[in-house]
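Input: a single structure, listed below in structure tokens.
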Amino acid sequence: MKIIVASTNQGKITEIRRLLGDLGTQVLTMEQAGIDPGVDLPENGDTFEQNALSKTGALQELVGEDYWCLGDDSGLEVDYLHGAPGVRSARYAGFTAQGAERDRANTKKLLDELQGVAASARQARFVCHMVLLGPKGQEIHSRGTCEGRILRQPRGTGGFGYDPVFLPDGFDRTMAELSLNEKNRISHRGKALSGLMKKIQEQGMDRPT
Ligand code: ITT
């Protein structure tokens, strides 16, 4: 059995592929499943949960119900900004196209919003709501968070998105300075995915392997 990932974010796909590949599951991108990666998977909801479900459900409609489809909606919540950028994390600075330019613009906007804010008031967390839809109508949800704070300057070249300015609690390296395996061990996405696998085992469902 294969899982198709409802995402065009290469950073997310790399992380999910490493996590699931270790379990022997084959991870397919939308392109590998014959879906035009330019297709618009809807994410107009007000919550991470609504968006994760709408993206993943839209993909399953496109590929057919025989397939397992996995999707997440994720983002950064900054306490000082009352939870922003939140569900708008990807398009915070107004860019819609994926990529490094969008990530840099979003990060710059975040640092501008936090200019002059003391280190002690820069708490934030990454949130990931993940949904797995199965061929027999299975619908499994899992959520992971990762606490940390926002630095004043970007550091590191790994990961994607806001990783260079996010210092996870208990670490002196930013998320972008961690290896892929280190990030996956502590990240919102890594936690959501391991929670999902635990639920599958506990519920004795057919496994996507
Ligand atoms: P897909 O919808 O195609 O999966 P996306 O990047 O638009 O890709 P989201 O709508 O879930 O995905 O937005 C997530 C945004 O939140 C992402 O673009 C980053 O800006 C930020 N983000 C989420 N997880 C992150 C992580 O692990 N590290 C850094 N930033 C992250």
Fill in: Residue satisfying all of: in the stretch 111-125; outside any loop (DSSP other than H, G, I, E, B) and in contact with a Lys or Arg (Cβ under 8 Å, 6 or more places away or on another chain); farthest from L28 (Cα to Cα) among these
A119
Worksheet item: Residue check, D112 against (1) modelled with pLDDT of 95 or more; (2) surrounded by 15 or more Cβ atoms within 10 Å (Cβ to Cβ), all met but one. Which one?
Response: (2)
Discussion item. Please verify whether G144 is within 11 Å of the ligand (Cβ to nearest atom) and in a strand (DSSP E or B), treating the condition exactly as stated.
Written reply: yes
Worksheet item: Can you name every residue in the stretch 147-167 that is in a strand (DSSP E or B) and more than 9 Å from the ligand (Cβ to nearest atom)?
Response: E147, G148, R149, I150, L167
Worksheet entry | Elements of type strands (runs of 3 or more DSSP E) contained in the stretch 1-110, each with 3 or more residues being closer than 22 Å to E147 by Cα | 68-78
Discussion item. Quick check on the stretch 48-83: of everything there that is closer than 20 Å to R125 by Cα and without any contact (Cβ under 8 Å) to a residue 24 or more places away in the chain, which residue is farthest from the ligand (Cβ to nearest atom)?
Written reply: H82
Practice prompt. Tell me, please, whether a residue that is more than 15 Å from L133 (Cα to Cα), out of contact with any Ser or Thr (no Cβ under 9 Å at 6 or more places or on another chain) and acidic (D, E) can be found in the stretch 47-65.
Written response: no
Discussion item. Any residue that is of a type in the set (G, A, S) and surrounded by 16 or more Cβ atoms within 10 Å (Cβ to Cβ) - is there at least one of those in the stretch 171-178?
Written reply: yes
Item to complete: Scan the stretch 84-108 residue by residue and report those that are more than 8 Å from the ligand (Cβ to nearest atom) and aromatic (F, W, Y).
Response: F95
Worksheet entry | Residues of the stretch 13-47 satisfying the condition of being within 17 Å of the chain's Cα centre (by Cα), in contact (Cβ under 8 Å) with a residue 60 or more places away in the chain and surrounded by 19 or more Cβ atoms within 10 Å (Cβ to Cβ) | E15, I16, L19, L20
Worksheet item: Pick from the stretch 168-194 the residues that are charged (D, E, K, R) and outside any helix (DSSP H, G or I): which of them is nearest to V87 (Cα to Cα)?
Response: D169
Practice prompt. Kindly indicate whether any position in the stretch 14-28 is more than 12 Å from the ligand (Cβ to nearest atom) and of a type in the set (V, I, T).
Written response: yes
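The values are calculated or read from the model by the stated rules, or taken from the named source; none is laboratory data. It should be emphasised that the depicted structure is a prediction, and the values quoted were computed from it without experimental measurement. All Cβ positions, glycine included, derive from the backbone under ideal geometry; neighbour counts span all protein chains shown.
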